[in-house]
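Notes follow once the structure below has been shown.
The values are calculated or read from the model by the stated rules, or taken from the named source; none is laboratory data. Since the model is a prediction, treat every value here as computed from it, not as a measurement. Cβ: placed from backbone, ideal geometry, glycine included. Neighbour counts: every protein chain shown. To get the accessible areas, we keep the full protein, side chains included, count just its heavy atoms, and leave off ligands, DNA and RNA. Shrake-Rupley method; radii C 1.70, N 1.55, O 1.52, S 1.80 Å.
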Amino acid sequence: IPPDTPDPAFGRAAFAAAFAIDFLYEAYSAKQFEDRKTDIYNKIVSLADWILTQQCTDPAKKAYGGFKSNENSTYYYSVDACRVIPSLLKAYELTNDADYLDSVKLAGATFLKTMQDQQAYGGFARAVTIADAWLLQMDIECLFGLIGLKMLAEEYDTANASTYQDIMTEAVDFLKEGFENLWLQYDPSDEEWHRIALSENEIYDDPFAYALLGLYDYEGWSLTCQKVYNF
(Lines give C-alpha, C1' and ligand atoms only; values in the text may rest on other atoms or scores of the structure.)
Protein backbone atom coordinates (compact mmCIF):
# COMPACT_ATOMS: atom_id res chain seq x y z
CA ILE A 1 0.00 0.00 0.00
CA PRO A 2 1.46 3.41 -0.93
CA PRO A 3 3.75 5.00 0.00
CA ASP A 4 5.52 1.77 0.97
CA THR A 5 5.79 0.34 -2.54
CA PRO A 6 6.99 -1.81 -4.08
CA ASP A 7 7.11 -4.59 -1.50
CA PRO A 8 10.17 -6.72 -2.33
CA ALA A 9 9.04 -9.39 0.13
CA PHE A 10 5.89 -10.07 -1.89
CA GLY A 11 7.76 -11.22 -4.95
CA ARG A 12 6.94 -10.97 -8.63
CA ALA A 13 3.53 -12.06 -9.90
CA ALA A 14 2.52 -13.61 -13.21
CA PHE A 15 -0.58 -11.43 -13.53
CA ALA A 16 1.48 -8.25 -13.08
CA ALA A 17 3.88 -9.42 -15.78
CA ALA A 18 0.87 -10.20 -17.98
CA PHE A 19 -0.56 -6.70 -17.64
CA ALA A 20 2.87 -5.26 -18.40
CA ILE A 21 2.83 -7.29 -21.63
CA ASP A 22 -0.57 -5.79 -22.49
CA PHE A 23 0.83 -2.28 -22.13
CA LEU A 24 4.04 -3.04 -24.01
CA TYR A 25 2.12 -4.78 -26.80
CA GLU A 26 0.25 -1.52 -27.42
CA ALA A 27 3.44 0.52 -27.11
CA TYR A 28 5.22 -1.70 -29.66
CA SER A 29 2.90 -0.49 -32.43
CA ALA A 30 2.73 3.13 -31.28
CA LYS A 31 4.48 5.66 -33.50
CA GLN A 32 5.87 7.57 -30.52
CA PHE A 33 7.92 4.51 -29.49
CA GLU A 34 9.21 3.68 -32.98
CA ASP A 35 12.82 4.05 -31.84
CA ARG A 36 12.25 1.72 -28.87
CA LYS A 37 10.70 -1.23 -30.70
CA THR A 38 13.63 -3.57 -30.11
CA ASP A 39 13.74 -2.81 -26.39
CA ILE A 40 9.98 -3.26 -26.10
CA TYR A 41 10.02 -6.54 -28.02
CA ASN A 42 12.84 -7.90 -25.84
CA LYS A 43 11.01 -6.93 -22.65
CA ILE A 44 7.83 -8.65 -23.82
CA VAL A 45 9.83 -11.82 -24.49
CA SER A 46 11.55 -11.56 -21.11
CA LEU A 47 8.23 -11.18 -19.28
CA ALA A 48 6.50 -13.95 -21.22
CA ASP A 49 9.40 -16.34 -20.68
CA TRP A 50 9.29 -15.60 -16.95
CA ILE A 51 5.54 -16.24 -16.80
CA LEU A 52 6.16 -19.71 -18.24
CA THR A 53 8.42 -20.48 -15.27
CA GLN A 54 5.46 -19.85 -12.96
CA GLN A 55 3.21 -22.44 -14.59
CA CYS A 56 2.64 -25.83 -13.00
CA THR A 57 3.77 -28.41 -15.54
CA ASP A 58 3.29 -31.53 -13.40
CA PRO A 59 0.29 -33.44 -14.79
CA ALA A 60 -0.08 -35.29 -11.49
CA LYS A 61 -1.06 -32.06 -9.73
CA LYS A 62 -4.50 -30.43 -9.67
CA ALA A 63 -2.73 -27.14 -10.36
CA TYR A 64 -1.49 -28.48 -13.72
CA GLY A 65 -1.58 -25.61 -16.19
CA GLY A 66 -2.15 -22.90 -13.57
CA PHE A 67 0.17 -20.05 -12.59
CA LYS A 68 1.49 -19.27 -9.10
CA SER A 69 -0.19 -16.23 -7.54
CA ASN A 70 3.33 -14.90 -6.98
CA GLU A 71 6.77 -16.42 -7.17
CA ASN A 72 6.86 -17.20 -3.43
CA SER A 73 3.41 -18.78 -3.29
CA THR A 74 2.15 -22.35 -3.43
CA TYR A 75 -1.34 -21.22 -4.53
CA TYR A 76 -2.61 -21.29 -8.10
CA TYR A 77 -5.64 -19.02 -8.55
CA SER A 78 -8.18 -19.31 -11.33
CA VAL A 79 -8.25 -15.56 -11.82
CA ASP A 80 -4.51 -15.47 -12.47
CA ALA A 81 -4.89 -17.90 -15.35
CA CYS A 82 -7.77 -15.74 -16.58
CA ARG A 83 -5.50 -12.68 -16.53
CA VAL A 84 -2.47 -14.35 -18.10
CA ILE A 85 -4.06 -16.10 -21.09
CA PRO A 86 -4.84 -12.99 -23.22
CA SER A 87 -1.41 -11.52 -22.55
CA LEU A 88 0.51 -14.64 -23.55
CA LEU A 89 -1.60 -14.80 -26.70
CA LYS A 90 -0.46 -11.27 -27.54
CA ALA A 91 3.13 -12.34 -26.94
CA TYR A 92 2.55 -15.32 -29.24
CA GLU A 93 1.05 -13.10 -31.93
CA LEU A 94 4.09 -10.84 -31.81
CA THR A 95 6.82 -13.49 -31.57
CA ASN A 96 5.24 -16.64 -33.04
CA ASP A 97 6.81 -18.58 -30.15
CA ALA A 98 4.76 -21.79 -29.89
CA ASP A 99 5.67 -22.20 -26.21
CA TYR A 100 3.37 -19.31 -25.35
CA LEU A 101 0.48 -20.83 -27.27
CA ASP A 102 1.03 -24.25 -25.69
CA SER A 103 1.05 -22.61 -22.27
CA VAL A 104 -2.30 -20.88 -22.72
CA LYS A 105 -3.92 -23.98 -24.19
CA LEU A 106 -2.88 -25.83 -21.04
CA ALA A 107 -4.13 -23.00 -18.82
CA GLY A 108 -7.48 -22.82 -20.57
CA ALA A 109 -8.49 -26.30 -21.64
CA THR A 110 -6.89 -28.07 -18.66
CA PHE A 111 -6.43 -25.83 -15.61
CA LEU A 112 -9.59 -23.72 -15.87
CA LYS A 113 -11.61 -26.81 -16.74
CA THR A 114 -10.21 -28.56 -13.66
CA MET A 115 -11.13 -25.56 -11.53
CA GLN A 116 -14.64 -25.54 -12.96
CA ASP A 117 -15.16 -29.28 -12.63
CA GLN A 118 -14.06 -29.32 -8.98
CA GLN A 119 -17.51 -28.12 -7.92
CA ALA A 120 -21.02 -28.57 -9.28
CA TYR A 121 -22.02 -24.95 -9.78
CA GLY A 122 -20.34 -23.71 -12.95
CA GLY A 123 -17.95 -21.04 -11.73
CA PHE A 124 -14.26 -21.66 -11.06
CA ALA A 125 -12.91 -22.78 -7.70
CA ARG A 126 -10.86 -19.89 -6.38
CA ALA A 127 -7.51 -21.66 -6.00
CA VAL A 128 -5.65 -24.90 -5.48
CA THR A 129 -2.26 -25.41 -3.87
CA ILE A 130 0.60 -27.42 -5.27
CA ALA A 131 -0.32 -29.98 -2.57
CA ASP A 132 -3.87 -30.25 -4.01
CA ALA A 133 -5.62 -28.32 -1.20
CA TRP A 134 -8.62 -26.30 -2.39
CA LEU A 135 -10.19 -22.89 -1.91
CA LEU A 136 -13.66 -23.59 -3.29
CA GLN A 137 -15.22 -20.12 -3.25
CA MET A 138 -16.10 -18.82 -6.69
CA ASP A 139 -15.34 -15.20 -7.63
CA ILE A 140 -17.26 -13.09 -10.14
CA GLU A 141 -13.97 -11.52 -11.30
CA CYS A 142 -13.22 -14.79 -13.11
CA LEU A 143 -15.63 -13.56 -15.79
CA PHE A 144 -12.50 -11.78 -17.02
CA GLY A 145 -11.44 -15.22 -18.25
CA LEU A 146 -14.01 -14.99 -21.03
CA ILE A 147 -11.62 -12.73 -22.95
CA GLY A 148 -8.87 -15.33 -23.25
CA LEU A 149 -11.18 -18.31 -23.63
CA LYS A 150 -12.98 -16.57 -26.47
CA MET A 151 -9.65 -15.77 -28.16
CA LEU A 152 -8.69 -19.44 -27.94
CA ALA A 153 -12.05 -20.68 -29.22
CA GLU A 154 -12.34 -18.27 -32.13
CA GLU A 155 -8.77 -17.88 -33.31
CA TYR A 156 -5.90 -19.64 -31.59
CA ASP A 157 -7.19 -23.15 -30.82
CA THR A 158 -10.30 -23.63 -32.92
CA ALA A 159 -9.86 -27.42 -32.89
CA ASN A 160 -10.92 -27.31 -29.24
CA ALA A 161 -13.50 -24.54 -29.62
CA SER A 162 -16.30 -26.64 -28.15
CA THR A 163 -14.30 -27.19 -24.94
CA TYR A 164 -13.76 -23.48 -24.45
CA GLN A 165 -17.34 -22.67 -25.36
CA ASP A 166 -18.66 -25.14 -22.79
CA ILE A 167 -16.40 -23.63 -20.11
CA MET A 168 -17.60 -20.12 -20.98
CA THR A 169 -21.27 -21.07 -21.07
CA GLU A 170 -21.14 -22.75 -17.66
CA ALA A 171 -19.22 -19.85 -16.14
CA VAL A 172 -21.64 -17.22 -17.44
CA ASP A 173 -24.72 -19.21 -16.51
CA PHE A 174 -23.61 -19.37 -12.88
CA LEU A 175 -21.57 -16.22 -12.22
CA LYS A 176 -23.98 -13.86 -13.96
CA GLU A 177 -26.47 -14.02 -11.09
CA GLY A 178 -23.91 -12.87 -8.56
CA PHE A 179 -22.54 -10.23 -10.92
CA GLU A 180 -25.97 -8.73 -11.64
CA ASN A 181 -26.76 -8.48 -7.92
CA LEU A 182 -23.38 -6.96 -7.03
CA TRP A 183 -22.07 -9.95 -5.11
CA LEU A 184 -18.36 -10.76 -5.18
CA GLN A 185 -18.18 -14.47 -4.40
CA TYR A 186 -20.20 -17.63 -3.89
CA ASP A 187 -19.29 -19.89 -0.98
CA PRO A 188 -20.29 -23.56 -1.37
CA SER A 189 -19.94 -24.09 2.39
CA ASP A 190 -23.15 -22.14 3.07
CA GLU A 191 -24.48 -22.03 -0.51
CA GLU A 192 -24.76 -18.24 -0.39
CA TRP A 193 -23.47 -15.24 -2.34
CA HIS A 194 -21.29 -12.78 -0.38
CA ARG A 195 -19.48 -9.50 -0.75
CA ILE A 196 -16.55 -9.26 1.67
CA ALA A 197 -16.13 -10.87 5.07
CA LEU A 198 -16.02 -7.62 7.05
CA SER A 199 -19.22 -6.18 5.63
CA GLU A 200 -21.84 -7.45 3.23
CA ASN A 201 -22.43 -3.81 2.27
CA GLU A 202 -18.96 -3.10 0.89
CA ILE A 203 -18.11 -3.67 -2.77
CA TYR A 204 -14.61 -3.72 -4.22
CA ASP A 205 -14.29 -2.01 -7.59
CA ASP A 206 -11.55 -4.06 -9.20
CA PRO A 207 -13.36 -7.44 -9.28
CA PHE A 208 -16.31 -5.75 -10.97
CA ALA A 209 -14.00 -4.03 -13.44
CA TYR A 210 -12.48 -7.39 -14.39
CA ALA A 211 -15.89 -9.06 -14.58
CA LEU A 212 -17.43 -6.27 -16.64
CA LEU A 213 -14.58 -6.30 -19.14
CA GLY A 214 -14.88 -10.05 -19.59
CA LEU A 215 -18.64 -10.18 -19.95
CA TYR A 216 -18.68 -7.17 -22.29
CA ASP A 217 -16.13 -8.88 -24.53
CA TYR A 218 -18.26 -12.03 -24.51
CA GLU A 219 -21.78 -10.67 -25.05
CA GLY A 220 -21.42 -6.97 -25.87
CA TRP A 221 -23.45 -4.13 -24.35
CA SER A 222 -26.04 -6.50 -22.93
CA LEU A 223 -28.71 -5.68 -20.37
CA THR A 224 -26.53 -7.28 -17.70
CA CYS A 225 -23.49 -5.15 -18.59
CA GLN A 226 -25.63 -2.02 -18.75
CA LYS A 227 -27.22 -2.76 -15.37
CA VAL A 228 -23.97 -3.34 -13.52
CA TYR A 229 -22.16 -0.46 -15.24
CA ASN A 230 -24.94 1.96 -14.35
CA PHE A 231 -25.05 0.74 -10.74
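Each row is one residue, and each column tells you yes or no for (1) in contact with a Phe, Trp or Tyr (Cβ under 8 Å, 6 or more places away or on another chain); (2) under 27 Å from K43 (Cα atoms).
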position	(1), (2)
P59	no, no
F67	yes, yes
C82	yes, yes
N96	no, yes
A120	no, no
I130	yes, no
L136	no, no
Y156	yes, yes
A161	no, no
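Could you pull out the residue among I203, I140 that is open to solvent by 30 Å² or more (accessible area, probe 1.4 Å) and not polar (S, T, N, Q)?
I203
Taking into account only those residues within segment 10-60 that are hydrophobic (A, V, I, L, M, F, W, C), closer than 26 Å to A131 by Cα and without any contact (Cβ under 8 Å) to a residue 12 or more places away in the chain, which is surrounded by the most Cβ atoms within 10 Å (Cβ to Cβ)?
Filtering segment 10-60 for residues that are hydrophobic (A, V, I, L, M, F, W, C), closer than 26 Å to A131 by Cα and without any contact (Cβ under 8 Å) to a residue 12 or more places away in the chain, the one surrounded by the most Cβ atoms within 10 Å (Cβ to Cβ) comes out as A16.
Go through I85, I130 for me and flag whichever is within 21 Å of L52 (Cβ to Cβ), surrounded by fewer than 18 Cβ atoms within 10 Å (Cβ to Cβ), hydrophobic (A, V, I, L, M, F, W, C) and in contact (Cβ under 8 Å) with a residue 60 or more places away in the chain.
Values: I85 fails: surrounded by fewer than 18 Cβ atoms within 10 Å (Cβ to Cβ).
Going through I85, I130 in turn, just one is within 21 Å of L52 (Cβ to Cβ), surrounded by fewer than 18 Cβ atoms within 10 Å (Cβ to Cβ), hydrophobic (A, V, I, L, M, F, W, C) and in contact (Cβ under 8 Å) with a residue 60 or more places away in the chain: I130.
Sort out which residues of segment 175-209 are under 17 Å from Q137 (Cα atoms), of a type in the set (A, V, I, L, M, F, W, C) and within 17 Å of the chain's Cα centre (by Cα), and write them in order of number.
Answer for segment 175-209, where residues must be under 17 Å from Q137 (Cα atoms), of a type in the set (A, V, I, L, M, F, W, C) and within 17 Å of the chain's Cα centre (by Cα): L175, F179, L184, F208.
Would you please list the contacts, defined by Cβ atoms under 7 Å and residues six or more apart or on different chains, that run from a residue in segment 145-173 that is within 16 Å of A107 (Cβ to Cβ) to a residue that is of a type in the set (S, T, Y) and not in a helix (DSSP H, G or I)?
Once the first residue is within 16 Å of A107 (Cβ to Cβ) and sits in segment 145-173, no partner that is of a type in the set (S, T, Y) and not in a helix (DSSP H, G or I) comes close enough.
Looking only at segment 65-79, count how many residues are closer than 18 Å to C142 by Cα and free of Cβ contacts under 8 Å to residues at least 60 places away in the same chain. If you could, list the steps in order and put the result at the bottom.
Step one: of segment 65-79, the residues closer than 18 Å to C142 by Cα are 65-70, 75-79.
Keeping just the survivors that are free of Cβ contacts under 8 Å to residues at least 60 places away in the same chain gives 65, 67-69, 76-77.
Qualifying residue count, segment 65-79: 6.
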